[in-house]
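Written below as structure tokens is the structure these notes are about.
The values are calculated or read from the model by the stated rules, or taken from the named source; none is laboratory data. Since the model is a prediction, treat every value here as computed from it, not as a measurement. Here the Cβ is made from the backbone with ideal geometry for all residues, glycine too, and neighbour counts use every protein chain on show.
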Amino acid sequence: MIRTSVTHPNFPPVNLLKLSQARSNRSKLKNQNKNLLKSELANHQASINEYSKDLWKRSMSLELSENYKINKPKLASFQLQPEINEKMRTLIFDFIMCCHTRLKLSTPSLFLTFNIIDRFSSKFLIKNFTYQLISLTALWISSKYWDLKTYIPTLRVLQQLCCNQYSISQFKEMELHILKSLDWSVCQVATHDSIIDIVLFLNQRNVIHNEYVSINEIKIGAIMLCELASFNIDLAFNYDPSITSITAINLIKSALIFKRSNTWEDIHSFATDPQMIKITEALLTQLSAAYNKQDSEGEIINSSSLPSSFNSKYNLQLDDNKTNDNSSTSRTAFFKTLFDALYNYSIQWQMNQFYSSSSVQEYLTSVLNTGVATPISQENPCDATTTAEDIPPYLYPTQQLATPSREPSHFISGSSVIKQPLTPITPSMTKNKYNRFSQKRSITTIMEDPHPSGMKKRSTSTSRS
């Protein structure tokens, strides 16, 4: 029972509800004071500048600890899952990102949610009809860890997000399952956005004095890249947050410099580590396929590779032939500039990869050595042979290509029952033991009917896995 008043022999009774409302209103008034916000931000930056090196050392020590290596997400364990796969993981992450944007939660809560889902799926066998319950519960735990109380979603809100597929008791039970499986260690290492902040503060002199980029653009662009990396199962499971964040910072910085000064920086100039090169290539490959490709009749032949939640969060509508009349807002224009730079950089990188390939190099070498005979026609009556001097300069592999001159538009019933306790994953498990679960079901089907046909409902056991 909630106490609404406090009595004291020497003081009149106090209404706690009115007191909390008064404190909330006073906090809102302080948030509207720009001078107060500026002073708080200055104090925060001064503290970070003083302790940034210590924070960075602490973050690195956590990633190198044995506890993190043991409990980090493992791709081999995830691939043993009989009922969920990479496609379902992408759909669940897309759903969680939509919920995160709708609830207006903080950035670290999104990265922590992704991490909790992957860590939990590396330890227990997950039924396809409980995957959404696990993901929403992970979002609930992350919001409790990072966000203010006013932004933490209630259990009723969580039920609405899943169309009342799960009961309140199931959310509470799943929360206890997850916390026990993680040994009550919710956040093992620093999230991507925290690492980005520390790295930028350590190198803010190099960023501030650069006329082509700003520290705010690098931060937001790096966060966008880290969000895309979280959807890539290989990048999320095989690489630590620190190296992914550093790679994202270098990539967005090079992309902005290339867009504004037409100065090309190859990925090998900033990605000296083999892991950084693989991360950069994976991100550029994903960015280069960001637009819907259409044929002459207007039918889409290659759809965008970006998640729909990513497009809606940053107001990106990635169609080549569509425009948005509401592109005048500064926020949308800011995101458009960042994504424009990343997309143009990825296209230039693909063109450089093409011209530096062995087949193209062999062809260019044969052209330079033997020449190409030009057929005789009415328009070309002279029998001439092309020489090295006649070859257009853009065919030379060492010639730097110009920036693509395109400017695309970027705006684009019942409660289910958990059938059995979660089962820990063991190395001896193989997918052949679960052939009866080989039939795949989409997330949409799971939301509409969490119980597959032919399977009887069983009540949730109270035992813990």
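Summary table
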| quantity | calculated |
| --- | --- |
| Given (1) surrounded by fewer than 21 Cβ atoms within 10 Å (Cβ to Cβ); (2) outside any loop (DSSP other than H, G, I, E, B), index of the condition ASP183 fails | (2) |
| Entirely in segment 19-87, the helices (runs of 4 or more DSSP H) that have 3 or more residues that are surrounded by 15 or more Cβ atoms within 10 Å (Cβ to Cβ) and outside the structural domain of SER185 (by TED's automatic domain parsing) | 34-64 |
| Long-range neighbours under 6 Å by Cβ, at least six apart or interchain, first residue at pLDDT below 85 within segment 261-285, second in a helix (DSSP H, G or I) | PHE270/ASN250; ALA271/ILE277; ALA271/THR280 |
| Residue within segment 190-201 that is at pLDDT below 85 and either assigned to a helix (DSSP H, G or I) or over 23 Å from GLU227 (Cα atoms) (or both) present | yes |
| Positions within segment 225-284 being assigned to a helix (DSSP H, G or I), surrounded by fewer than 19 Cβ atoms within 10 Å (Cβ to Cβ), among the hydroxyl-bearing types (Ser, Thr, Tyr) and in contact with a helix residue (DSSP H, G or I) (Cβ under 9 Å, 6 or more places away or on another chain), in sequence order | SER269 |
| Near pairs, Cβ below 7 angstrom, 6+ apart or cross-chain, from segment 296-316 (at positive phi and modelled with pLDDT of 75 or more) to any residue that is in a helix (DSSP H, G or I) and crowded, with 18+ Cβ neighbours inside 10 Å | ASN315/PHE335 |
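For every residue, the table says whether it meets (1) of a type outside the set (Ser, Thr, Tyr); (2) farther than 21 Å from PHE310 by Cβ.
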site	(1), (2)
PHE111	yes, no
ILE116	yes, no
PHE124	yes, yes
THR137	no, yes
TRP140	yes, yes
LYS144	yes, yes
ARG156	yes, yes
TYR166	no, yes
